[in-house]
Amino acid sequence: MRSAASFKGHPIHAMLIPFPIAFLVGAFFADLVGMIWAAEALWMAGGLLAIAGVVMGLVAAVPGTVDYFRTVPPDSTGKQRATRHALVNVGAVVLFVVGLWVRGGIDGPPSPLALVVWAVALVLLTMGGWMGGTLVYRNQIGVDHRYAGAGKWSETRKSSPSPVVARSDELDVDQMRLVHLDGRRIVLARTEDGYVAFDDRCPHRGGSLAGGAMMCGTVQCPWHGSQFTVRDGDVRAGPAADRVRTYQIREEDGEVRILTQA
Ligand code: FES
C-alpha cells in the first residue's frame, strides 16, 4: 500500500525513524560508559543524544500517525499491529524523558536508576522496531509493489448519492482506484469487459485489495495471496474462505458511478 505520507513515493516515516533509534541507543551507551569511566564529556553527550532522540521520535511520529490513519487498512491484523507498534514506541519515548528527569537533566551525571529506565525503554524500542519491520516487510505498509502496467496509484474521496467516481476512459484495463465512499473503502477497477467495484477489505485478515494486483478479471490480495473474481467476488484461491462484496456500476454519458445501495 502506498504511503499517504510520502515524498515522490518514498515513505517519510521510514526516512526519519533511524534518527531517534540511533540517538536513543547512543544516549544509553554514552551514559553507561560515561558512568563507568567517570567521563563527564560522555554523559553530557548522553543527555544531548537523549534530547535529540526524543525530539526526532516526535517528528517521526507525525508521518507515522498519518500512515496509521490513512494507509494501514482499517479492521485488519495490520491495524492491530500498528496500534501496538505506536503504543510501544510512545512508551519508549516517555521512559527516555523519565530517565532524563531522574538523572537531573541534560548535563546531570548518569545514575543507575536512570540507566535501568533507559534499558527498559530500549527493550520497548526494539519491540517497536520489530513490529515496524513486520508492518513493512509482511504487511507491506508503505510499499508500492504493484506490477508494471498497473498504472499510477489512484485514490479518491466521494460522498453519496452515487457520485461520479471516474470517467469512462480514465482508468486503464487492470488498473484499480481506491474510492472512499461514505465511510466505505471500495475498489473501482477496469477489466477488459468494463468497470467493476468490490470491497477493498480482504475477508481473510483485512488486507487492502487496492494495493494488490489485478489481472484477467482476478484480484490477488498482497498479504497472503487470496484471489477473487472481481465481477462476482467469488474466491478463486485461499486462504480466504469468504467472498468479497461487489457493487453494481452505472456507466452512462462517459461517467462511472458505484451504486452502494444495490
Ligand atoms: S489478508 Fe490474508 S489473503 Fe488477504
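Just so you know, all these numbers are worked out from the coordinates, no wet-lab data involved. Everything numeric here is computed off the predicted structure, so don't read it as measured data. All Cβ positions, even for glycine, are placed from backbone atoms using ideal geometry, and neighbour counts span all protein chains on display.
Order these peptides, 67-80, 46-59, by their mean beta-carbon neighbour count within 10 angstrom, highest first.
Put in order of decreasing packing, that is 46-59, 67-80.
Taking H placed 1.01 Å from N in the peptide plane, check which residues at least 5 places from Ser154 or on another chain put their amide H under 5 Å from its amide H.
For Ser154, the qualifying residues are Leu178.
Would you please give the residues with an amide H less than 5 Å from that of Ser6, counting only those at least 5 places away or on a separate chain, with H modeled from the backbone geometry?
Ile12
Go through the cysteines of the chain and tell me which have no other cysteine Cβ under 4.7 Å away.
Cys216
Expressed as a whole number of Å, what is the distance separating the alpha-carbon centroids of the stretch 159-227 and the stretch 32-69?
So the two Cα centres are separated by 43 Å.
Counting only residues 5 or more places away or on other chains, whose amide H sits under 5 Å from the amide H of Val164 once H atoms are built in the peptide plane?
none
Per-residue HN-Hα couplings for the stretch 110-120, Karplus 6.51 cos²θ - 1.76 cosθ + 1.60 at θ = phi - 60°, whole Hz, x for Gly and Pro?
x, 10, x, 5, 4, 5, 5, 4, 5, 5, 4
Taking N as the number of residues in the stretch 6-137, what is its alpha-carbon radius of gyration divided by 2.2 N^0.38 Å?
My calculation over the Cα atoms of the stretch 6-137 gives 1.12.
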